[in-house]
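Have a look at the structure below, then the notes.
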2 protein chains.
Amino acid sequence: MVQPELCPRFEQAVGMLSRRWNALIIFSLLGESQRFCTMTESIGISNRLLSERLKELEKEGIVTRDVYPETPVRIEYSLTEKGRALAPVMQEIQRWSQEWLPVQEAVQDEQEPSVR
Amino acid sequence: MVQPELCPRFEQAVGMLSRRWNALIIFSLLGESQRFCTMTESIGISNRLLSERLKELEKEGIVTRDVYPETPVRIEYSLTEKGRALAPVMQEIQRWSQEWLPVQEAVQDEQEPSVR
DNA sequence: CCCTCTCAGTTACGATTTGTAACCAACATA
DNA sequence: TATGTTGGTTACAAATCGTAACTGAGAGGG
């Protein structure tokens with residue numbers, strides 16, 4: 001019934017990072033602050049989900065939202081210190097992916113050789 | 001339409017790690033190989049999803065499945081080298097969670113009954 | 001005044017995925 | 001025959017996601 005082992009803080013961190021798109025959002029903000037429309041394009045996420053995720057991440061103190069009342073309005077999203085502190089996590093994911101995942105060529109019809 | 005920036009291998013790694021439960025499954029196997037029923041208890045995942053995720057992770061070369069025809073049958077899941085190579089990622093998540101997430105006390109009535 | 005454009009979202013809704021619980025098969029013991 | 005254990009499946013409702021259309025504020029054109 002109860003799950004005894006796992007550290008609750010670790011579980012919480014994993015819960016946040018496992019939420020779909022969150023890792024990519026954080027990664028793309030590690031470089032520099034970005035505006036909404038730039039993020040949807042570079043990440044490939046829909047308006048709806050990006051909006052939803054950014055609100056959650058802001059509430060968790062990972063992302064900051066700055067409004068510049070220019071015309072048209074400019075809204076910049078950036079990472080807080082707590083958010084930037086996730087850089088090593090992203091770096092390790094990247095390192096692993098470089099070492100263990102194959103470079104995938106353009107379009108190749110995968111055909112499983114002999115899976116029963 | 002096209003997302004130009006992100007490295008496809010990084011995206012793939014994030015996709016795998018962001019799949020719900022995958023990070024916890026990998027983390028719990030970092031210590032030692034485990035059997036099915038032990039994992040459902042310690043992680044708090046249902047049979048259905050654990051079965052599904054383990055099959056996916058096995059297909060991706062991250063997890064190995066070993067059958068010991070004892071009675072009752074014992075099936076041990078463990079990490080491949082590729083899977084164990086994710087240890088630094090988990091370590092960095094853990095480090096971040098220790099530094100940035102609050103220790104949450106026993107039962108505190110949150111206003112929002114956040115049931116994820 | 002009306003139409004159009006951009007940015008930053010919302011809303012509506014069908015398609016996936018998840019969580020829960022019940023069930024199954026193999027083998028062993030009582 | 002009935003019961004227990006392990007390692008799953010199956011069925012189905014609930015939650016989440018993806019797509020696309022829409023909104024609203026402010027500026028500019030005609």
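The values are calculated or read from the model by the stated rules, or taken from the named source; none is laboratory data. Note that the structure is predicted; figures quoted are calculated from it, not measured. Neighbour counts are summed over all protein chains in view; Cβ atoms, including those assigned to glycine, are modelled from backbone coordinates with ideal geometry. Side chains are part of the model used for accessible areas, which takes the heavy atoms of the whole protein and leaves out ligands, DNA and RNA. Shrake-Rupley method; radii C 1.70, N 1.55, O 1.52, S 1.80 Å.
Being near DNA strand C (Cβ under 9 Å from one of its atoms) and out of contact with any strand residue (DSSP E or B) (no Cβ under 6 Å at 6 or more places or on another chain) is the filter here, so list the residues in region A:72-82 that pass it.
A:PRO72, A:VAL73
Counting the residues of region B:23-53 that are free of Cβ contacts under 8 Å to residues at least 40 places away in the same chain and either open to solvent by 30 Å² or more (accessible area, probe 1.4 Å) or part of a helix (DSSP H, G or I) (or both) gives 20. For residues that are outside any helix (DSSP H, G or I) and at negative phi, scanning just region A:54-67, find the one that is farthest from DNA strand D (Cβ to nearest atom). Top of the filtered list is A:THR64. The lone criterion from (1) more than 13 Å from every other protein chain (Cβ to nearest Cβ); (2) under 30 Å from A:GLU41 (Cα atoms) left unmet by B:PRO8 is number (1).
Within region B:56-71, restricting attention to residues that are away from every other protein chain (no Cβ under 12 Å) and within 24 Å of A:TRP100 (Cβ to Cβ), which residue is nearest to DNA strand C (Cβ to nearest atom)?
Here the answer is B:GLU56.
In this structure, does A:SER51 turn out to be within 16 Å of DNA strand D (Cβ to nearest atom), of a type in the set (Gly, Ala, Ser) and more than 7 Å from chain B (Cβ to nearest Cβ)? Answer is yes for this residue.
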